[in-house]
Amino acid sequence: MKSINILFFIAWIIFSACNSKTEKRPDTAMDTGRAFIKSSMVGDFKMAETLVYQDAENLSLFNAFKTFYNRMPDDKKQHYQKASYEINEFKELNDSTTLINYSNDYMKKPMEIKLIRVNKVWYVDFKYTSEEHK
């Protein structure tokens with residue numbers, strides 16, 4: 001009986017490990033930017049927030065963006081969710097700062113995000129989207 005319980009316990013651990021869905025964090029600036037753009041457009045803020053640099057100002061601005069998005073009419077959200085996007089320009093400023101200029105086929109307006117590498121991990125510097133940088 002003990003061996004059956006142990007076998008059941010081992011099978012349960014293996015089954016749990018196989019079914020755990022862990023998404024791998026993007027390794028590059030381009031992949032991080034793409035993941036952020038896509039998750040923001042579809043309203044997956046849980047994913048998008050993991051890609052935002054975690055300082056007070058970034059999180060405050062990101063929360064304001066989430067509130068803005070959530071208050072949009074459903075039809076407008078659906079347009080964003082169905083839209084595709086295109087990278088217009090990928091500009092590496094140095095080894096830890098990159099700018100991505102992109103547009104989606106719903107708004108057709110160029111937008112830019114800044115990615116920074118901190119401790120070998122790429123993040124979106126959300127402050128950049130609200131700064132005067134042009």
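Assorted remarks:
- In the stretch 106-133, the residues that are under 21 Å from Lys76 (Cα atoms) and basic (Lys, Arg) form Cβ pairs under 8 Å with partners that are at pLDDT 90 or above and in a strand (DSSP E or B), at six or more places apart or across chains, as follows: Lys109/Ser103.
- As for the stretch 104-114, it holds at least one residue that is of a type outside the set (Asp, Glu), part of a strand (DSSP E or B) and over 15 Å from the mean Cα position of the chain (by Cα).
- Here Arg117 meets each of (1) surrounded by 13 or more Cβ atoms within 10 Å (Cβ to Cβ); (2) part of a loop (DSSP other than H, G, I, E, B); (3) of a type in the set (D, E, K, R) with one exception, condition (2).
- Filtering the stretch 45-65 to residues that are surrounded by 15 or more Cβ atoms within 10 Å (Cβ to Cβ) and over 8 Å from the mean Cα position of the chain (by Cα) leaves Tyr53, Asn58, Leu61, Phe62, Phe65.
- Scanning the stretch 45-89 for residues that are assigned to a helix (DSSP H, G or I) and hydroxyl-bearing (Ser, Thr, Tyr), we see that the one that is nearest to Asp31 (Cα to Cα) is Thr50.
The values are calculated or read from the model by the stated rules, or taken from the named source; none is laboratory data. On a predicted model such as this, the values are computed, not experimentally measured, just so you know. Ideal geometry is used to build each Cβ from the backbone, glycine not excepted, and the neighbour counts take in all protein chains shown.
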